Amino acid sequence: MTDTRLILRTGRPALDAAAVSADGLDLVVLDDCGDLVGVDLGTGDQRVLCRVELPPLRQQPGDRRFTPEGVRLSVTADAALAVLVRDGGRDGIVVDLAVGTVLRRLVNDGHHCATVRFAAALTRHGDRRLLVHRTAWNRLDASDALTGELLTGRALPDGSAGKDPEHDLDYFHGSLAISPGGRFVADGGWMWTPIGILRTWSLPDWLTRNPWESEDGPSVRQSVLSDDWDLPMTWVTDDLLVLACPGDWDDEEFEQIPAPHLRLVDPAAPEDAPRRRIPVDPLPTALLTDGRLILGTVDGTATAWDPDTGAVAWHWSDLAPTVIDHRGRRAVRVDGTTITVRDLP
């Protein structure tokens, strides 16, 4: 197995990276000074696209931290726009990569923001580049990523006689992942006591039929995951979401029973449908996909599972990818100033 190694041209450590499918670009890397570097993985060519000021870390006084703090990068497939958000914080930015202009600033209300990743994900809907992001602890919105036009405007009705308002959602939004074709949103946040809750719903229904779809629409599916949240997850297809779960939740005992596994979720299936799973040990700390297999990484290793059979398709003991280049079918690890590239089996 032959690896290609590149040194990030800025010479500064990378904070995050995202795969793209643009002309002459396969990867965009963010370094710790705010430089965004475009990389052609085929030729090794690199160019600095722009430099931005990293979003600050702002929290509420006394917030207890539950999620690792850091700046996370998302990029549109055409490498036109980038979104940088501060996990465990309140702030993010949308950047025009062609000129380095900050198009708008993203701010959530900060309530218990140190407990979750900053919920933000990019996708496409028709001819729009779409951004779904947290605007309050219990509210998500979808907007045109370029113009900022709000596509899910709604106002919470007033409560009455001591009752919560209709559509009021007692849920702290966490990690977001949108299915490859833009059909479903997956949200890995939490509810009090606290416990981790997976919620999924139809993105097209939210945008075109019901602005309250993300709160309590007919397509919402909700299940208890564990006593933790922001679990690793990846969409393999529009019909298959995979999560790395440390165990099963016992409603009667109200506790987690250790049983590490990959949970396979069909977002359109009834909530009481039989659960599909693949037992694993150790439990992956990150999940990726090549569009067919489930890729899990842990402790510098990578394993690929066939979701249909649960069988291990391949294993690497010497490389844990952080990004998958789907166009070039390459596994990429960005670590410090080094970019390691390996062809997928």
Review point. Cβ-Cβ below 7 Å, separation at least six or inter-chain, first residue in segment 36-47 and touching a residue at least 24 places away in the same chain (Cβ under 8 Å), second open to solvent by 40 Å² or more (accessible area, probe 1.4 Å) and assigned to a loop (DSSP other than H, G, I, E, B): which pairs?
Key: 37/9; 46/9
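Please go through segment 72-90 and pick out each residue that is closer than 19 Å to residue 33 by Cα and at pLDDT 95 or above.
Keep residues of segment 72-90 that are closer than 19 Å to residue 33 by Cα, which gives 72-75, 81-87, 89.
Result: 72, 73, 74, 75, 81, 82, 83, 84, 85.
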Revision key, fill the gap. Checked 62, 44, 11 against criteria (modelled with pLDDT of 95 or more, open to solvent by 40 Å² or more (accessible area, probe 1.4 Å), on the phi > 0 side of the Ramachandran plot and in a loop (DSSP other than H, G, I, E, B)); the one match is 11
Review point. How many residues does segment 221-239 contain that are at pLDDT 95 or above and more than 25 Å from residue 72 (Cβ to Cβ)?
Key: 2
Exercise for review: Those residues that are outside any strand (DSSP E or B), among the aliphatic types (A, V, I, L, M) and under 14 Å from residue 185 (Cβ atoms), I need them from segment 201-253; list them, please.
Suggested key: 203, 207, 220
Review point. Out of all the residues in segment 291-303, is one or more in contact (Cβ under 8 Å) with a residue 60 or more places away in the chain, more than 17 Å from residue 176 (Cα to Cα), in a loop (DSSP other than H, G, I, E, B) and within 21 Å of the chain's Cα centre (by Cα)?
Key: yes
Check your understanding: Any chance segment 259-278 includes a residue that's assigned to a strand (DSSP E or B) and touching a His at 6+ places or on another chain (Cβ under 7 Å)?
Key -> yes
**Study point:** Every residue from segment 131-148 that is of a type in the set (Val, Ile, Thr) and either touching an Asp or Glu at 6+ places or on another chain (Cβ under 6 Å) or within 20 Å of residue 171 (Cα to Cα) (or both)
**Key:** 132, 135
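The values are calculated or read from the model by the stated rules, or taken from the named source; none is laboratory data. Here the structure is a predicted model, which means the values were calculated and not measured. Here Cβ is always computed from backbone atoms with ideal geometry, including for glycine, and neighbour counts include all displayed protein chains. To get the accessible areas, we keep the full protein, side chains included, count just its heavy atoms, and leave off ligands, DNA and RNA. Shrake-Rupley method; radii C 1.70, N 1.55, O 1.52, S 1.80 Å.
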